[in-house]
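Reading through the structure tokens given below for one structure.
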Amino acid sequence: MNIPYSVQRRPDTGVSNVIMGVWLFLASEVMLFGALFSAYAMLRVAAPAWPSGRQLLSLSSGSINTLLLLVMTGLAWKARAAATDRARVLLLFSTLLAGAFLGVKVVEYRGEIALGMVPALNTFLATYYTLTGLHALHVVGGMAANVWIIAGIRRAGTAVSAQRMEAMSLYWAFVDVVWIAIFVLMYLS
Amino acid sequence: MTSRTRGWMRAIATLLGWLAASATAFACPICFQSEPNGATAGVRAAVFVLIGVTVIVLGGFARFAVRFTGRAMGSRLELTYPERGTSIQDATPLRVSPRRDA
């Protein structure tokens, strides 16, 4: 059975079901991260003392990860307009960069834990691990979706794959925005 | 006693209980301006962040609604439903044509 408007845009709304669904999903994700940032604001303002992330965390790792995410999202956006084979390659590189992001994060976590900087040590580290951990889970989810798109790009056809890539590029842009907020709040302040 | 009467009685009892309770029962430290300390300042910051996030999300929905309204004003929808007994796949897709007076 073919579901109507899964590829072509609905004439009344101007968007396809896929894009509408992604926007609704992203709205719920904004609320999820919004609640966590709200908790962060409460804990930080209420705390008698708050450590400086610049002194505790590795600014170079955070900067490298920011760059990796931005390039990765740029590739995912370029894949939208590319031909099938080129889109596949771009999406593959994008996935590899997402993997590199996770690799840097794991190295960073290991270094911090080796120094005794565990979540139980203070509220700053508890919020740091919660926010960055949930963000990393989103990167893992995005990588899985990228792999699924790459694997099915020939079977699904150009039109369906283009929809999927458009949805993923929106998702990655959201993941970038969340990371930049985390980077500013945790690493730079 | 019918279920409708029971429903009314429950609603009235809730209203009476709400009216009978003193205002302080519903007090939140932000609205009632308790002594400023770290906790109240923290809760205030959290509330402002959540309000900001909610405004962003609702603003996005409002933008969608305005966009749809604009499209509806500029076009005329022709809806066709499937005959009884036929599947949704047999339905003619939605068509939008420009308004005659537009």
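Quick one: how many residues across segment A:149-159 are in contact with a helix residue (DSSP H, G or I) (Cβ under 8 Å, 6 or more places away or on another chain) and part of a helix (DSSP H, G or I)? Final tally of qualifying residues: 6. Residues in segment A:72-93 that are closer than 24 Å to A:Thr132 by Cα and in contact with a Ser or Thr (Cβ under 8 Å, 6 or more places away or on another chain): A:Met72, A:Thr73, A:Leu75, A:Ala76, A:Trp77. When every residue of segment A:167-180 is checked against the conditions, at least one turns out to be among the hydroxyl-bearing types (Ser, Thr, Tyr) and more than 22 Å from A:Trp50 (Cα to Cα). If you go through segment A:94-145 and pick out every residue that is aliphatic (A, V, I, L, M) and within 26 Å of A:Ser169 (Cα to Cα), you end up with 16. Of the residues screened, A:Gly99 is one that is more than 14 Å from chain B (Cβ to nearest Cβ), in a helix (DSSP H, G or I) and over 30 Å from A:Pro4 (Cα atoms).
Flag set for A:Ala81, criterion: aliphatic (A, V, I, L, M) and at pLDDT below 90. Taken residue by residue, segment B:83-95 has no member that is modelled with pLDDT of 80 or more and either loosely packed, with under 12 Cβ neighbours inside 10 Å or in a loop (DSSP other than H, G, I, E, B) (or both).
One line per residue, one yes/no per condition, for (1) facing another protein chain (nearest Cβ under 10 Å); (2) over 21 Å from B:Gly60 (Cβ atoms):
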site: A:Arg9; (1), (2): no, no
site: A:Ser38; (1), (2): yes, no
site: A:Trp50; (1), (2): no, yes
site: A:Ser60; (1), (2): no, yes
site: A:Asn65; (1), (2): no, yes
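Considering segment A:102-142, and only residues there that are in contact with a helix residue (DSSP H, G or I) (Cβ under 6 Å, 6 or more places away or on another chain) and not in a helix (DSSP H, G or I), the residue that is surrounded by the most Cβ atoms within 10 Å (Cβ to Cβ) turns out to be A:Met117.
Within segment A:10-48, restricting attention to residues that are part of a helix (DSSP H, G or I) and of a type in the set (S, T, N, Q), which residue is surrounded by the most Cβ atoms within 10 Å (Cβ to Cβ)? The qualifying residue surrounded by the most Cβ atoms within 10 Å (Cβ to Cβ) is A:Ser38. A:Thr73 - would you say it is more than 20 Å from B:Ala46 (Cα to Cα), touching a Phe, Trp or Tyr at 6+ places or on another chain (Cβ under 7 Å) and not in a helix (DSSP H, G or I)? So A:Thr73 fails the test. Inclusion of B:Gly52 among residues that are out of contact with any strand residue (DSSP E or B) (no Cβ under 6 Å at 6 or more places or on another chain), in a helix (DSSP H, G or I), surrounded by 10 or more Cβ atoms within 10 Å (Cβ to Cβ) and at pLDDT 60 or above is warranted.
The values are calculated or read from the model by the stated rules, or taken from the named source; none is laboratory data. Everything numeric here is computed off the predicted structure, so don't read it as measured data. Ideal geometry is used to build each Cβ from the backbone, glycine not excepted, and the neighbour counts take in all protein chains shown.
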